[in-house]
Amino acid sequence: MKSFDKAAISALASDFQGLLILPEDPTYNAARQIWNGHIQRRPRLIARCSGVADVIAAVRFGREHGLNPSVRGGGHAVAGHAICDDGLVIDLSMMTGSRVDPLARTIQLDGGCLNAHLDRESQAFGLAATGGIVSHTGIAGLTLGGGIGHLMRKFGLTIDALRSCDVVTAEGDFLVANERENSDLYWGLRGGGGNFGIVTNFTFELQALGPSILAGMIAWPMADAPRVLRFLREFMADAPDEVGIMANLRLAPPLPVIPAALHGKPIVALIATYAGQIDEGEAILQPIREIATPVVDAIAPRPYVTHQKMFDAAMPHGRHYYWKSHKLGPLTDEVIDIVVEHCEQITSPLSTVPIFSFGGAVARVSDEATAFPYRDAAHDINIVAAWHPEDVGGAERHIDWTRKFFDALKPHSRGVYVNFTSDDAADRVRAAYSEQQWRRLTALKAKYDPTNYFRMNANIAPHDRT
């Protein structure tokens, strides 16, 4: 690695409108923190960009001085891809501009925007696109990996609404990628992660929704989990596209809405979202209430933006996280038994096991159309260990629970959603794509980033062109 001195930083600063943060700066320790507090790394330079010109300048500076980069959008990747050791962080967190065109039904979002920006700005016009389930998730990472969320069965994945990207390449060049310009890159950006460049602006197509929808949580004691998960399997097999349901298994938090006798005890919940008329949704979702007697029933009309923030308090910045994930077919009885057994052994009151339901609009897009594979999968299970920073001695125990749970489900795996890889990204990234997709992605990497400059990600290395 080449060194750089004060003169080099001064030269960069003369052509930089954002902030250049060095280890000796008083803001450095705060600036290097990301969502997952379990990841602690110390970059040599954080370039907090104010616009595209800053991104270009940072990329070129990094190349000139041999600094391996990481790219920070929302900083939400559990693996900590947003932050690097002894390298350059190209930080887009100041770049949060947005613009809705209500006539064209599109929204433009800069690369540092969060899920909250998408929801708030589009809902001002009664419009929406599929976003993540935590409002402080970055749009960039969410989108580039595919983008799953409550609305995906109705509107498709986040990438299915993506219409154009502004991209800074590994050489520091600027490109537009859409169906007409650099269409091969456009294909790869829809599921291939941050391997091909830095997206500084996204344009999404929007759909009518809300502002109020029928949504919320209904929960039962863990003893009812087999019945609840079997219901989920059968109900979602032919549910209308408007229905989005996510299961969630965890220890009951000490909330007033939950009976005190259940606090700290294992529970199973279904989080329902109906992306249609509220009165229609009431009738369609009624069978959920008949599975067994719930201990919580909070399915009701509510603002969509409120529903999108319901998990924010459970997933705060700075908490320690570790997770592993599988895509799954239908929830067979064997899979359900494994899930219930391991959820009954959960080691932290902060850990959760969300199970997302695919189908609908997600499954009607071919695997060849984007770089998101196995669209015919029925579910995705994410085994999320979470614990307080003070629980240092518990980290090994929580991680071990996650790994054993993951291993038990391996025989039933249908691959992995690349955004849900953790420390296994180097090994699991190949399982995130089909053989045909992998060949296309490695060829794209060789074209747009032949030196693998952008490698701090779920990395796709350039193919051997010899």
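Scanning segment 72-115 for residues that are aliphatic (A, V, I, L, M), closer than 24 Å to PHE420 by Cβ and crowded, with 23+ Cβ neighbours inside 10 Å gives ALA77, VAL78, ALA82, ILE83, VAL89, ILE90, LEU92, LEU109, LEU114.
To keep it simple, each residue is scored yes or no on (1) touching a residue at least 24 places away in the same chain (Cβ under 8 Å); (2) more than 26 Å from LYS265 (Cβ to Cβ); (3) surrounded by 23 or more Cβ atoms within 10 Å (Cβ to Cβ).
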| site | (1), (2), (3) |
| --- | --- |
| GLY172 | yes, yes, no |
| GLU181 | no, yes, no |
| PHE196 | yes, yes, yes |
| PRO226 | yes, no, no |
| PHE231 | yes, no, no |
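For segment 340-394, a residue qualifies if it is β-branched (Val, Ile, Thr) and at pLDDT 95 or above, and the qualifying residues are VAL340, ILE346, THR347, THR352, VAL353, ILE355, VAL362, VAL365, THR370, ILE381, ILE383, VAL384.
From the set of residues in segment 10-40 that are buried (at least 16 other Cβ atoms within 10 Å of the Cβ) and of a type in the set (A, V, I, L, M), which is farthest from the chain's Cα centre (by Cα)? Looking at the filtered set, the residue picked out is LEU12.
Provide a single number: the residues in segment 359-376 that are on the phi < 0 side of the Ramachandran plot and surrounded by fewer than 23 Cβ atoms within 10 Å (Cβ to Cβ). So the count comes out to 10.
For segment 141-167, residues that are among the hydrophobic types (A, V, I, L, M, F, W, C) and assigned to a helix (DSSP H, G or I) total 6. Scanning segment 333-361 for residues that are part of a helix (DSSP H, G or I) and not hydrophobic (A, V, I, L, M, F, W, C), we see that the one that is farthest from PRO226 (Cα to Cα) is HIS342.
When residues in segment 444-462 are screened for being out of contact with any Lys or Arg (no Cβ under 9 Å at 6 or more places or on another chain) and not in a loop (DSSP other than H, G, I, E, B), 4 of them pass. Is one or more of the residues making up segment 397-411 closer than 22 Å to LEU232 by Cα and either touching a Gly at 6+ places or on another chain (Cβ under 8 Å) or free of Cβ contacts under 8 Å to residues at least 24 places away in the same chain (or both)? Checked segment 397-411: at least one residue is closer than 22 Å to LEU232 by Cα and either touching a Gly at 6+ places or on another chain (Cβ under 8 Å) or free of Cβ contacts under 8 Å to residues at least 24 places away in the same chain (or both). Screening the candidates HIS317, HIS326 for the property of being crowded, with 22+ Cβ neighbours inside 10 Å and touching a residue at least 24 places away in the same chain (Cβ under 8 Å) yields one hit, HIS326. Check whether at least one residue in segment 410-419 is closer than 21 Å to LEU189 by Cα, under 19 Å from the mean Cα position of the chain (by Cα) and not in a loop (DSSP other than H, G, I, E, B), and report yes or no. Checked against the condition, which is being closer than 21 Å to LEU189 by Cα, under 19 Å from the mean Cα position of the chain (by Cα) and not in a loop (DSSP other than H, G, I, E, B), segment 410-419 yields at least one hit.
For the condition touching a residue at least 24 places away in the same chain (Cβ under 8 Å) and crowded, with 18+ Cβ neighbours inside 10 Å, PRO287 does not qualify. Closer than 28 Å to LEU189 by Cα and free of Cβ contacts under 8 Å to residues at least 12 places away in the same chain: which single residue out of SER366, SER357 fits that description? When all the criteria are applied, what remains is SER366. Has segment 300-315 got at least one residue that is modelled with pLDDT of 95 or more, outside the structural domain of HIS136 (by TED's automatic domain parsing), hydrophobic (A, V, I, L, M, F, W, C) and over 25 Å from the mean Cα position of the chain (by Cα)? Yes, that holds for at least one residue.
Residues that are within 30 Å of MET456 (Cβ to Cβ) number at least 2 in the following helices (runs of 4 or more DSSP H) confined to segment 178-287: 183-189. Scanning segment 362-409 for residues that are part of a loop (DSSP other than H, G, I, E, B), closer than 28 Å to THR130 by Cα and of a type in the set (D, E, K, R) yields ARG364, ASP367, GLU368, ARG375, ASP376.
Filtered by the rule that a residue be in a strand (DSSP E or B) and basic (Lys, Arg), segment 314-332 gives LYS324, LYS327.
The values are calculated or read from the model by the stated rules, or taken from the named source; none is laboratory data. Quick caveat, the model's predicted, so the values are computed rather than measured. Glycine gets a Cβ as well: all are built from the backbone with ideal geometry, and neighbour counts include every protein chain shown.
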